[in-house]
Structures are given as structure tokens and as C-alpha cells.
Amino acid sequence: MLLSFSGFAQTYEEFLKKSYDFLDKNDLVSAEESLKSALRKEPANPLNYALLTNLGTIQRRQGKLDEALVSYTSALSGHTNEPTILINRASLYMEMGDNEKALADYNVLLATDPKNEDALYHRGLIYVGQKHFLDAEQDFDHILKLNDKSVNARLGHAILEKERGNFNESEKILDYLISEKPKNWALYEARAELYFLMGKNGRAMADIEKVFTESEPTAPLYVLRGKIKLAQYEKERAAIDFKKAESMGYNPEVIKKLMKLAK
């Protein structure tokens, strides 16, 4: 998520314009360098927090997670309660597997903005992972009270029921959501993982291939496809998926364990 800004000195503004031009061309390396040049040009500019946030997002898209974390944290140094930056850093912490720090950021945000649906949803997911099911349920129910049409709230409930072992209930929720939102690829990813847990690998692969064909697969989806290939004794193809996930920033320790199974 990028922050917008305006009113910079001319040279500063030129670097910013270049960064956007490079982003339009999907040249992330050059966009990153342009933002760094702007920061060097005016290191004391009060709006640098916006540049640092954008820099962090660009670095994250390149898989430079540690550098992205430094950028987001620097952006927060003078804007400790800025919602966009907190959301970005919290989700990055989750991507890096540090859910405790992510939870801390979401709690800070929700203390000042208790109706933030994104923070409620992701905090609920963390609670699910911690087996704090009642806390998770409260967050998802809170979202529904704020927005009874929320897809994320129902997806949260589907994930919650899956973790409780109520696979059939989880499947019902996901089937309903997909019927309502057939282009929401996160729903297919969630259902594919559920099918895998249910031993329905054929159905899982059908959902996975739909995402691969019609959207951009995430690192976790590569891992899931690799796990299914492992179950089908296709170790070489599984290893390719695991390595791809690692190149996209997936936890290397998890990948290391999976690669041992793929040998």
C-alpha cells in the first residue's frame, strides 16, 4: 500500500516522478533507487515518511523483506500511529513469521481505530494461529457488525472452523463465498488448503490451477502445490515449487524442512 504526497521541492519532485514512471514500467530496482535519491536529496523533509513507506513496499515486492522492515520502521519513527504504515509493517511481520510483533502493531492501530476491518481480520488470523479461538471469533464477529457483507469476516470464520477441525462447515462457508465472489482468488487458495487437509487432492489442485491460470500465485500457494506434489510422489516438481516460494520471500527454515522431504 503506497502513500500519496505532494508539494516537494523541484529536484525532490523529479526523483519522485521518476519513481512512479519506473513503477509504471514495473522496474522496481530503478524505482527503489529513485526514492533513495530523493531521500538523500532532502533527508530532513517532513514528508519523508511517505517515501519510506513506498520504499518499503517496493523492497517488499522484490523480496527484500529485511530492508522493507527497516524502511517501514523508519517511516513510523515520527508517525507512530499512522494506520497505513502500521498495516504495512504488521502484514510484513506476518509474512516474515513474526506474529507477536505483528499483533503488537495491530493492537496499537486498533487502540486508536477500533473499527479498522483490515486490522481486525488479520489480528483474528493471528489469534487463530495461536489457538485463541474465542478471541478470533470476537474479531470476525466485530467485523460483521460493522459490515455484514464483509468477505474477510466470513473467510476468517471459514479459517477458524478449519482450525477447529470443522472441515465441512468451513467448506460450506468457502463454497458460498466463491459463489458470491468467483474472482476472489484468496478464497480459492483457502479452499485448496482445506481440500488438502481433507485428503481431496484432486479438488485442491483444481482450485490451485485456477489461481495459477487466472491470477498471480502467492508464495504460500507454491508451497501448498509442492506439498500436494509430495503426496503424489512427484518430489522433483515439489522441490521446484518450494524453491520458487523461497525466492518470493517464504520462510527459509520451513523451505529447508520441506526440501528434505523432497529428496
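Here the contact order of the chain, divided by its residue count and restricted to Cα pairs under 8 Å and six or more residues apart, works out to 10 percent. The value of relative contact order for segment 206-263, using C-alpha pairs under 8 Å at least six residues apart, is 33 percent.
Rg over Rh for segment 112-183 works out to 0.97, both radii taken from alpha-carbon positions and Rh defined as the Kirkwood radius.
With a Förster radius of 25 Å, plug the Cβ-Cβ distance of ASN81 and LYS25 into 1/(1 + (r/R0)^6) and report the FRET value to the nearest 0.05. Efficiency, rounded to the nearest 0.05: 0.15. In this structure, the residue pairs whose Cα-Cα separation is over 18 Å, taken from LYS115/LYS145; LYS162/LYS200; LYS200/LYS257; LYS131/LYS172; LYS64/LYS243, are LYS200/LYS257; LYS131/LYS172. Shape class for segment 1-80: oblate, because the ratio a/c of the largest to smallest gyration tensor axis (alpha-carbon atoms, square roots of eigenvalues) is 1.5 or more and b/c is at least a/b. The trypsin sites (Lys or Arg not before Pro) of segment 99-146 meeting both criteria, a DSSP state outside H, G, I, E and B (loop) and at most 15 other C-beta atoms within 10 angstrom of the site's C-beta, are LYS115, LYS131. The simple spin-label model puts a point 7 Å past each Cα toward its Cβ; for THR11 and GLU214 those points are separated by 5.1 nm. Determine the shape class of segment 206-263: with a ≥ b ≥ c the square roots of the Cα gyration tensor eigenvalues, call it rounded for a/c under 1.5, and otherwise prolate if a/b is greater than b/c, oblate otherwise. It comes out oblate by the Cα gyration axes.
On a 28 Å Cα-Cα criterion, which of the cross-link pairs LYS36/LYS210; LYS183/LYS244; LYS149/LYS227 come out too long? Write down the numbers at each step before the final one.
Values: LYS36/LYS210 38 Å; LYS183/LYS244 24 Å; LYS149/LYS227 33 Å.
Distance filter (> 28 Å) returns LYS36/LYS210; LYS149/LYS227.
FYI, it's all coordinate maths here, none of it is from the lab. These numbers were taken from a predicted model, which means no experiment stands behind them. Virtual Cβ from ideal backbone geometry, glycine too; neighbours counted across all protein chains shown.
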